[in-house]
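Read through the structure below, which is laid out as structure tokens, and then see the notes.
The values are calculated or read from the model by the stated rules, or taken from the named source; none is laboratory data. Here the structure is a predicted model, which is why all the values come from computation and not from measurement. Every residue, glycine among them, receives a Cβ derived from its backbone with ideal geometry; neighbour counts consider all protein chains shown. Accessible surface is based on the protein model in full, side chains and every heavy atom, while ligands, DNA and RNA are left aside. Shrake-Rupley method; radii C 1.70, N 1.55, O 1.52, S 1.80 Å.
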Amino acid sequence: MKNNNNDKMDKKEQQLQQFVRQNEGKIMTSNEGVKISNDEDSLKAGDRGPTLIEDFLFREKMAHFDRERIPERVVHARGYGAYGEFELYESLEELTMAKFLNDTAVKTPLFIRFSQVAGSKGVNETNRDVRGFATKFYTEEGNFDLVGNNIPVFFIQDSIKFPDLIHAVKPEPNNEIPQGQTAHDTFWDFIANNQESAHMAMWIMSDRTIPRSFRMMQGFGVHTFRFVNKHGKSHFVKFHIKPVLGLRSLIWDEAQKLGGADADYHRRDLWENIENGNYAEYELGIQVLEEADEFKFDFDILDSTKLWPEEDIPVRMIGKITLNRNVDNVFAETEQVALHPGNIVRGIDFTNDPLLQGRLFSYSDTQLYRVGTNHQELPINRPVCPFHNNQRDGASRYIIDKDRIAYHKNSLADNTPYTVPGSKGGFVTYPSLVDGRKVRETAESFEDHFSQARLFWNSMSPVEKDHIMQAFSFELGKVQNISVRQQVVNMLGHISTELATVVATALGVEVPKVPESQVKKSSPALSLFNTKHSPKTLKVGVILESGFNGRETNYLLEQWKKVGLQPVIVHDELGVVKGTDGIELKVDQSFLTGSPLLYDGLYVGVSPNANENFLWKTKSFLIDTYNHFKPIGASEAAAPILESIGILGKPGVLVDQNPQTFSKEFIDAMTIQRFWQRV
Ligand code: HDD
């Protein structure tokens with residue numbers, strides 16, 4: 001929601017306001033300010049004659065249009081963002097001198113861009129893919145960017161392999177197929193031949209890669225970072241972001257079909273909810289490790305293919321993130337935002353993680369190419385604190401530096417802008433000890449690729465395991481090369497014989513005879529089933545025929561809205577639907593514009609006497625909802641319809657015999673969301 005009151009705006013919003021322009025109600029001019037009298041006819045020699053090159057208004061308009069696009073991001077091209085704030089629960093002074101993590105009175109403005117890794121800018125949003133979760137904190141000491149994903153580990157250990165990974169996952173170059181998907185030969189060939197990916201492969205084949213909403217997924221900083229306190233003491237830290245609504249995912253059949261029903265499913269969900277005041281809320285958490293404990297684990301803490309089990313190193317919640325404001329212009333803000341893991345502030349520092357080290361080069365490099373030399377000056381990117389230095393010029397320089405002196409050290413400007421020591425707020429790199437010969441090698445401690453993949457497998461519920469097996473069977477089933485299929489299944493054999501056997505059978509390849517990991521441990525925190533859920537903002541499709549029970553339906557709708565459910569009234573035509581008791585409801589979607597895929601549950605207020613077409617549509621909505629394991633509610637009159645398709649009395653299918661108890665039971669069913677017992 002937008003603030004119009006300047007006093008209520010945070011620092012970032014105030015800064016952005018200086019650049020916002022409103023065109024409505026204004027005279028049209030050229031970019032040079034010349035008032036335009038006709039914007040529909042180019043200047044021609046005679047009304048049927050050729051256009052004259054003299055037409056400076058045509059030339060300006062067309063040349064600008066010709067340059068409207070900038071290169072899409074080489075990965076994470078499709079994304080969507082929003083502004084918000086971070087509030088700290090308690091001072092972390094003992095761990096870090098970063099001011100935004102010390103002072104609970106400070107609310108830090110931020111911007112988050114969610115994204116999909118593999119697809120291009122127009123890819124549909126429910127494809128199976130890792131989601132980017134990238135946050136720019138506009139702190140009073142400069143910008144801190146946490147450029148993470150919704151998965152805590154990564155495919156590779158050394159960033160020199162990143163171009164190879166991306167070449168393998170992107171559409172195959174000879175035919176540019178498939179778009180934004182991993183279900184093809186080159187991707188799985190890469191995985192099989194770079195077995196450090198085994199752990200990540202398990203995550204991407206889980207339901208994590210088909211989230212229900214950006215508002216219902218986790219974020220992870222992935223790498224091990226450092227916190228440094230004012231005494232110069234360092235701790236290792238991993239960042240976590242947990243959604244207040246709990247974690248929810250789509251199921252595969254739904255995700256595939258949703259691509260057709262609404263290719264903008266995730267951005268629409270975020271945009272609409274923020275517009276309606278249902279702000280997206282998360283908690284920021286950290287796992288903290290003493291420097292002395294660096295070598296205490298059976299994995300290397302510098303290896304980005306490994307997580308720190310939360311049961312061993314608990315996540316401490318340190319503050320709340322709220323996304324509460326949509327952008328004004330997606331290009332100016334979301335497209336031009338330049339995120340970079342190298343943007344850190346005093347009190348936070350890097351580690352030697354070889355994946356992080358390479359990222360520190362790649363992001364600033366890509367922004368220089370994609371957005372330009374002066375990308376940091378753009379409104380979305382500039383910090384909210386003062387910034388001064390001797391960097392000058394470059395394409396599209398915006399700031400006018402009026403000083404004569406643009407070098408350091410100088411005497412003519414009294415050696416300003418001046419540097420400040422660490423004790424006065426200057427950034428000082430943590431003096432970690434580095435020694436060793438220059439080598440192109442992987443550390444031995446990075447060599448175990450299967451233990452945590454097995455830990456992940458052990459931590460899944462039976463339903464999640466089933467989904468993983470189906471996902472591998474689907475993806476590898478799309479792989480044409482039999483040897484690649486076999487190689488991946490062989491790799492899976494090292495993780496779990498059960499998994500490899502099921503997938504091998506589905507694919508018609510050999511069950512591998514390789515020793516499986518002996519890890520028995522599990523980490524309950526990794527299962528999607530172990531998070532707290534809320535019914536808030538879930539959508540209930542409410543199919544109503546004319547003459548529906550007005551008073552009862554109104555009562556149900558009110559009860560549901562009270563807990564934050566969002567009813568969507570569905571009828572065969574748009575307009576209004578009339579019920580008994582003089583009650584009329586506005587129809588939100590017709591059978592044509594709506595879809596059972598778009599609702600988290602369905603209620604039908606339809607009697608078997610409805611016309612044939614209405615009944616047929618109602619049944620098809622019911623069948624899809626049922627097959628996707630989602631809650632179904634029905635008025636008493638509708639019970640025979642449920643019976644006619646064989647779902648009456650099945651788990652999560654409720655009939656309204658008493659509106660008070662039914663409304664509550666339906667809310668509970670919505671909170672549970674999926675009734676896996678149906679199969
Ligand atoms: Fe990356 C974008 C996340 C490894 C190189 N990455 C990008 C974005 C996210 C991530 C969320 C989108 C930012 C936005 O919304 O603008 N990337 C990750 C994570 C990684 C990771 C969590 C592993 C822990 N990335 C990674 C490596 C490299 C890159 C190893 C190369 C050395 N990533 C890029 C990039 C992108 C990018 C090419 C493309 C567009 C951009 O940076 O701004 O530089």
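Here are a few things to note about the model shown:
- For LYS8, a cut-off of 20 angstrom between C-alpha atoms picks up these lysines, skipping any fewer than 8 places away in its own chain: LYS107, LYS320.
- Entries of LYS161/LYS521; LYS424/LYS532; LYS170/LYS617; LYS465/LYS650; LYS238/LYS438 with Cα pairs more than 32 Å apart: LYS424/LYS532; LYS170/LYS617
- Net dipole in debye of segment 209-360 [+1 Lys, Arg Cβ; -1 Asp, Glu Cβ; about Cα centre; nearest 20]: 380 debye
- Sorted largest first, the principal axis extents computed over the alpha-carbon atoms of segment 103-236 equal 54, 29, 25 Å.
- The alpha carbons of the chain stretch over 91, 80, 57 Å along the principal axes, in descending order.
- Apportionment of accessible area to carbon and sulfur, segment 135-194, percent (1.4 Å): 52 percent
- FRET efficiency, ASP47 to LYS561 (Cβ-Cβ, R0 45 Å, nearest 0.05): 0.15
- For segment 539-678, Kirkwood radius (reciprocal of mean inverse C-alpha pair distance, Å): 14.6 Å
- Ranked by how many other beta carbons lie within 10 Å on average, peptides 198-205, 404-411, 604-611, 5-12 from highest: 198-205, 604-611, 5-12, 404-411
- Computed from point charges on the beta carbon alone (+1 for Lys and Arg, -1 for Asp and Glu), the dipole magnitude for segment 457-526 about its Cα centre is near 120 Debye.
- Equivalent ellipsoid, segment 72-141 (semi-axes from 5 times Cα gyration tensor eigenvalues, Å): 32, 11, 10
- Of all accessible heavy-atom area on segment 539-678, the percent that carbon and sulfur account for (1.4 Å): 51 percent
- Considering only alpha-carbon pairs that sit under 8 angstrom and 6 or more positions apart, the relative contact order computed for segment 457-526 is 38 percent.
- The order of the peptides 279-288, 99-108 by mean Cβ neighbours within 10 Å, most packed first, is 279-288, 99-108.
- Value in Å of the Kirkwood radius, where segment 406-462 supplies the Cα pairs that are averaged: 17.6 Å
- Taking a ≥ b ≥ c as the square roots of the eigenvalues of the Cα gyration tensor, segment 513-582 is classed as prolate, since a/c reaches at least 1.5 and a/b is larger than b/c.
- Relative contact order (percent, whole number), segment 528-629, Cα cutoff 8 Å, 6+ residue spacing: 31 percent
- For the residue pairs LYS136/LYS306; LYS230/LYS402; LYS11/LYS35; LYS561/LYS630; LYS630/LYS664; LYS121/LYS562, the alpha carbons lie more than 27 Å apart in LYS230/LYS402; LYS11/LYS35; LYS121/LYS562.
- The eigenvalues of the Cα gyration tensor, multiplied by 5 and square-rooted, give segment 4-63 an equivalent ellipsoid with semi-axes of 39, 11, 8 Å from largest to smallest.
- Among 384-391, 183-190, 22-29, the order from most to least packed when residues are scored by Cβ within 10 Å on average: 183-190, 384-391, 22-29
- With a Förster radius of 22 Å applied to the beta-carbon distance between LEU592 and SER644, the computed FRET efficiency rounds to 0.45.
- Beta bridges per DSSP with both ends in the chain, % antiparallel, nearest 5: 75 percent
- The mean sequence separation of alpha-carbon pairs under 8 Å and at least six residues apart, normalised by the residue count of the chain, gives a relative contact order of 12 percent.
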